[in-house]
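To start, the structure itself, in structure tokens.
The values are calculated or read from the model by the stated rules, or taken from the named source; none is laboratory data. From a predicted model like this one, the values you see are computed outputs, not experimental measurements. Here the Cβ is made from the backbone with ideal geometry for all residues, glycine too, and neighbour counts use every protein chain on show. In case anyone asks, the SASA skips ligands and DNA or RNA and just uses the protein heavy atoms, side chains included. Shrake-Rupley method; radii C 1.70, N 1.55, O 1.52, S 1.80 Å.
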Amino acid sequence: MEFIWILFLLLMLQPVLRQKLLENSRQRLIGRLEKERGSRVILMVHRQETMGLLGFPIFRYIDVDDAEQVLRAIHLTDPSLPIDLVLHTPGGLVLPSMQIARALARREGEVRVLVPHMAMSGGTLIALAAARIIMTEHAVLGPVDPQLDGMPGVSLRKVVEHKPIERIDDRTLVLADQAEKAQVQICAAIKALCGPRLGDATAQTLADTLCAGSFTHDHPILVEDAKALGLPIETDMPEAVLDLMALYPQPTRHQPSVEYLPVPRGPEKKG
């Protein structure tokens, strides 16, 4: 009976112990990366999580708590020390995204944003504050056009422009008014972030392209697209950053949808 109870306790503690091991592994790798790059390394990684009992998905995004933590890390870093911010996010709230971006843009030391997989919407807004944006070959950024109540702000404005006002409900009118203000604010923020480093002409192009609703909000901006827009894109992603991402596993599903042997693979030698 004692053995059964010990086994039961170990099974209960297994998720906690596994999480602690992952945290310790991440901390060691972050420390190693900081020594190699001579910088403060900050990670902001958003994974879709799952409720333990019911299995409902929980979507993570940039929020006020993220901004507080990143700003705290910046505050604890010497102003002249470079910062490497690793971003993996679908986006999030404009306010915390802008707080982080402005804090990074004002730094004396070089700011590098590393995007191993994706930094959409608010993540792209933060990346615009960096002197260098380092992406893997297949990583993506995204448009930063404002979304209100789950709807594109630019589309809300078009409803008001093309539909008789007597056929538009008050709520839609209010949202369209807010969308116009939000678009002006975000375009101005992009120009303020990028103008001093990239020039006014490039900053204006970025604001017009990323904020004007030319694309759907989930449209992927590839490495070559970002370079064409004038962004300071590089592709020399440190291998340690990809190793770090492996230490932020997606919560386990009952049946994996992707499976492979997790080892490097090359052509077999014959003879």
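For this structure, a couple of remarks:
- Lysine pairs meeting the criterion (Cα under 27 Å, 8 or more apart or interchain), as found in the chain: 6
- Sequence-separation-based contact order of the chain, relative, with Cα cut under 8 Å and 6+ spacing, percent: 17
- C-alpha long axis of helix 200-211 to longest principal axis of the chain, angle in °: 80
- Label separation (T216 vs L21): 4.1 nm, computed from points 7 Å beyond Cα along the C-beta direction.
- Space enclosed by the convex hull of the alpha-carbon atoms of the range 127-271, per residue, Å³: 199
- Of all accessible heavy-atom area on the range 58-199, the percent that carbon and sulfur account for (1.4 Å): 55
- Axis of helix 153-162 versus longest Cα principal axis of the chain: the two differ by about 30°, to the nearest ten degrees.
- Ordering 145-152, 20-27, 81-88 by mean Cβ neighbour count within 10 Å, with the highest value first, yields 81-88, 145-152, 20-27.
- In degrees, nearest ten, helix 94-105 long axis to first principal axis of the chain (Cα): 80
- Kirkwood Rh, Cα atoms: Rg over Rh of the range 49-158: 1.02
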